[in-house]
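First the structure, in the form of structure tokens, and then the observations on it.
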């Protein structure tokens with residue numbers, strides 16, 4: 001069986017990416033095991049806070065013009 005190779009563009013997140021990131025978070029946390037009800041507005045606010053915090057690094061994975069994943073962490 002031949003596997004398909006997927007390629008993504010990884011970029012540092014910025015203000016323009018907040019809504020796409022929030023959509024991913026609200027969708028991910030709505031599923032098990034969390035089953036939480038995150039509105040896109042609440043998730044946008046939280047992502048904005050996380051991205052603005054000191055020593056944060058936030059990356060987005062893009063498949064063409066669609067954000068398909070994010071990661072947010074803290075640098076030491």
Practice prompt. Only strands (runs of 3 or more DSSP E) wholly contained in the chain count here; list those with 3 or more residues that are surrounded by 12 or more Cβ atoms within 10 Å (Cβ to Cβ) and touching a residue at least 12 places away in the same chain (Cβ under 8 Å).
Written response: 56-63, 66-74
Worksheet item: Does residue 43 satisfy being under 26 Å from residue 76 (Cα atoms) and modelled with pLDDT of 95 or more?
Response: no
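The values are calculated or read from the model by the stated rules, or taken from the named source; none is laboratory data. In this text the structure is predicted, and so the values were computed from the model without any measurement. For neighbour counting, all protein chains shown are included, and Cβ atoms are generated from backbone atoms with ideal geometry for every residue, glycine included.
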